[in-house]
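Worksheet: one structure, shown below.
The values are calculated or read from the model by the stated rules, or taken from the named source; none is laboratory data. Remember, it's a predicted structure, so these values are computed and weren't measured experimentally. Cβ coordinates were reconstructed from backbone atoms using ideal geometry, including for glycine residues, and neighbour counts include every protein chain displayed. We work out accessible area using only protein heavy atoms, side chains counted, and drop any ligands, DNA or RNA first. Shrake-Rupley method; radii C 1.70, N 1.55, O 1.52, S 1.80 Å.
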Amino acid sequence: METAINELTYNGRVRRLRELAEAALAYYDIGNARLSLINAGVDTLFQVAAQRRVFNEDSLSMHLEKARYILRFYGREEVSPEAILSELRWLLALRRDTELLVPEPVFMRDGSLLIQVCIADIPETPRCVLFRWVEGRFAETLLSPGRLERAGMFLARLHQHAENYMLPADFERPRWDWQALVKPELTEVGGKAKLSGRDAATFAVLFEQTEDMLNQLTTNKTAYGLIHSDFQPTNYLFYKDEVRAIDFEKCQFGYYLYDMAIALLCLQGRENEAALREAFFNGYAQIRVLPDHYEERLRLFTAIHMLEPLLGAMWPRGVPARSAFVREIKQAAEQLRAYLHL
């Protein structure tokens, strides 16, 4: 039996991942391929440069066809195959129904989209998907009102599609649920940190205001549906004047306003933050009507999202780690007071 990948050196892990990637590519009709590792975190990403000889029926000659792809290994075991396939179905529907440029899953020779790679004597059997490469450049440090307007238009078109998308019967994606997912974890984290009265009151105000807001919001398709959940400058690119989005791995059912809050969080503290936000809203409003009280509600959704790094945090072992954890949640409470003007 081979050594588990987490017991290998870095170079050993890369060699193991490359071996698994080469085995996965054998299921696709893409010709000869060259692999370049992009990321070896929870999910592993390879860039694939491929070329194959194709017969041209018009000229009755062979020509060389080149293409680039992304090969993704899904590393989160708790995500079911049905959930991954549902992500891929939405991407295919977006490519079919809209002009939005999103990653296009590639079918294998047998018509499948998802494969679990198995190699004799290697214990890892990762789930794998191949996507066509999305051309473009990131502009995280070069965001302008014009670019934010186009980003707002893109996200509005995404929500417009979600509003009208007829879900397959076996479609499976997570649901953002304040009462079931977020509030209990925030309460638990706060209790472990033994918050001061002032910090505890800060979280209590956030809970009260959020619950009031959610009681007013509807969960019909005009306000709630499939969302990207990670639409930020590291996950959308610009090709000339066109916005293109990648990394739909976190897509889930949630409020469209929550999706917008995630998109706008990166603007905090920028010198031209107000102009960028206005441009984003102007772009969004060209496609979809902005909901009532959207600025006030975005403020609360943003506050919740700011706390996500603390959600699900395990109580660290050892006094130094626990002390650092307490400092983090107290700093978070202080940031909330400043953001919510408490």
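For percent of Cα pairs over 37 Å apart, the candidate list reads (i) 39; (ii) 28; (iii) 16; the entry that matches the value derived from this model is (ii). Measuring nothing but how far apart in sequence close Cα pairs (under 8 Å, 6+ apart) lie, relative to its length, the stretch 161-291 scores a relative contact order of 26 percent. Counting only alpha carbon atoms, the long axis of helix 273-285 and the longest principal axis of the chain meet at about 60°. Net charge of the neighbourhood of residue 50, taken over other residues with C-beta under 14 Å away and scored Lys/Arg +1, Asp/Glu -1, is +3.
Helix content alone sets the calculated 222 nm mean residue ellipticity of the chain: runs of n ≥ 4 DSSP H residues at -39500 (n - 2.57) each, divided across all residues, give -13500 deg cm²/dmol. The rule of thumb for compact globular proteins, 2.2 N^0.38 Å, goes into the C-alpha radius of gyration of the stretch 105-172 1.70 times.
Residue 228 sits among other residues whose Cβ lies under 13 Å from its own Cβ, and their net charge, with Lys and Arg +1 and Asp and Glu -1, is -1. Taking 127, 76, 288 in turn, the Gaussian network model of the chain (Cα-Cα springs below 10 Å) assigns the largest fluctuation to 76. Expressed as a whole percent, the accessible area of the stretch 169-290 that falls on carbon and sulfur atoms is 49 (1.4 Å probe).
Computed over protein heavy atoms with a 1.4 Å probe, the accessible surface of the chain works out to 53 Å² per residue. Peptide packing: for 174-181, 214-221, the average count of neighbouring Cβ atoms within 10 Å per residue gives the ranking 174-181, 214-221, highest mean first.
Computed over the stretch 178-287, the alpha-carbon pair-distance distribution with 5 angstrom bins reads 2, 9, 13, 19, 19, 17, 12, 6, 3, 1, 0, each value a whole percent.
For residue 194, which lysines qualify as cross-link partners when the Cα separation must be under 28 Å and same-chain residues fewer than eight apart are set aside? Within the straight-line cut-off, residue 194 pairs with 183, 330.
Each Cα pair under 8 Å and six or more residues apart adds its sequence gap; the mean of these over the residue count of the stretch 1-133 is a relative contact order of 26 percent. As a length-normalised measure over Cα pairs under 8 Å and 6 or more apart, the relative contact order of the chain settles at 17 percent.
Grab the other residues whose beta carbon is less than 11 angstrom from that of residue 286, score K and R as +1, D and E as -1, and report the net.
Summing Lys and Arg as +1 and Asp and Glu as -1 gives +2.
Ranked by the mean number of other Cβ atoms within 10 Å of their residues, highest first, the peptides 103-109, 153-159, 132-138, 69-75 fall in the order 153-159, 69-75, 103-109, 132-138. When a/c reaches 1.5 or more, the comparison of a/b and b/c decides; with that in mind, is the stretch 247-341 rounded, prolate or oblate per its Cα gyration tensor? Since a/c reaches 1.5 and a/b is larger than b/c, the shape of the stretch 247-341 is classed as prolate.
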